[in-house]
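For reference, the structure discussed in these notes is given below.
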Amino acid sequence: MLSPSVPEEVIILAGGLGTRLQTAVPDLPKCLAPINGRPFLDYLLTYLKGQQIKRFIFALGYRHEMIEQYIQSTYPGMDAVFSVEPALLGTGGAIRLAAKKAEQENVSIVNGDTFYQVDLKQLFSLHKEKQAACTLALKPMQDFDRYGSVELAPDQHIRQFHEKKKRKDGLINGGVYMLHLPSFLPLPWPEKFSFETDYLEAQVITGKIFGNVQDAYFIDIGIPDDFARASHELK
């Protein structure tokens, strides 16, 4: 049996409180924020299904019942699994909890409030070629200060993560990952930790964290201005 060209399951991180967006979308998880009459999550799922994803692991927390109900009523045939944080575990803790429900060694990971239209096949190809522990999709950006930047070596391993500051151009972590679970799960994690800081930044020294630059469409609806922009761009 041929192995798939992309991992057929994805972890969708959708457990955050969404405090920055609550002025625009009160009382809803960010991924259910309405964009042109459709929940943002619907755009993300349409894209992921087009990328050969067949199994969806939802890492949930805040108002998880609303997301579960939406998936069960709108996508009744979907192979959906729900991983609910008993308390806020940070991005790392949420991924670790959800990853225990995965069936494959490698899993895609996306943020439930970000749409980065990358080619997952291309991302996974590099991931396999480099035998990476984790491979990040990196978005080229101009004139930004909202995101930290990523320094990439010629062989595509990540040299360093830089803190947020005003930059004319650079690469940002787009929040789409390929994660090799046998490299990640056995590490001695606390219950609550940051995937970005405690895992990615700490593991740079191993040379097993790689980056794949893809200049694809990107929007993060985590703040009201970009939430408003999404309504125009996702028509």
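The values are calculated or read from the model by the stated rules, or taken from the named source; none is laboratory data. Quick caveat: nothing in here was measured; it's all calculated off a predicted structure. Ideal geometry is used to build each Cβ from the backbone, glycine not excepted, and the neighbour counts take in all protein chains shown. Just so you know, the surface numbers come from the protein's heavy atoms only, side chains and all, with ligands and any DNA or RNA stripped out. Shrake-Rupley method; radii C 1.70, N 1.55, O 1.52, S 1.80 Å.
Remarks
- From the list Gly175, Gly148, the lone residue that is closer than 27 Å to Leu32 by Cα, open to solvent by less than 10 Å² (accessible area, probe 1.4 Å) and of a type outside the set (Asp, Glu) is Gly175.
- All positions within the range 178-197 that are among the charged types (D, E, K, R) and open to solvent by 70 Å² or more (accessible area, probe 1.4 Å): Glu191, Lys192
- Test result for Ser108, free of Cβ contacts under 8 Å to residues at least 24 places away in the same chain and open to solvent by less than 20 Å² (accessible area, probe 1.4 Å): no
- Single unsatisfied condition, Ala94 versus (1) farther than 20 Å from Ala33 by Cα; (2) surrounded by fewer than 23 Cβ atoms within 10 Å (Cβ to Cβ): (2)
- Scanning the range 34-46 for residues that are under 17 Å from the mean Cα position of the chain (by Cα), open to solvent by less than 10 Å² (accessible area, probe 1.4 Å) and in contact (Cβ under 8 Å) with a residue 40 or more places away in the chain yields Phe40, Leu41, Leu44.
- Taken over the range 116-127, the criterion of being in a loop (DSSP other than H, G, I, E, B) and open to solvent by 10 Å² or more (accessible area, probe 1.4 Å) is satisfied by Gln117, Asp119.
- Residue, least open to solvent (accessible area, probe 1.4 Å), within the range 151-161, restricted to residues that are in a strand (DSSP E or B) and under 28 Å from Leu44 (Cα atoms): Ile158
- Checked against the criteria, Gln72 counts as modelled with pLDDT of 95 or more and open to solvent by 70 Å² or more (accessible area, probe 1.4 Å).
- Members of the range 48-63 found to be at pLDDT below 95 and closer than 20 Å to Leu97 by Cβ, listed by number: Gly61, Tyr62, Arg63
- Restricting Lys130, Lys139, Lys168 to those that are open to solvent by 60 Å² or more (accessible area, probe 1.4 Å) and either in contact with a strand residue (DSSP E or B) (Cβ under 6 Å, 6 or more places away or on another chain) or at negative phi (or both) reduces the list to Lys168.
- So Phe56, is it assigned to a strand (DSSP E or B) and of a type outside the set (Val, Ile, Thr): yes
- Test: residue in the range 202-219 that is within 19 Å of Gln117 (Cα to Cα), open to solvent by 20 Å² or more (accessible area, probe 1.4 Å) and of a type in the set (Ser, Thr, Tyr): yes
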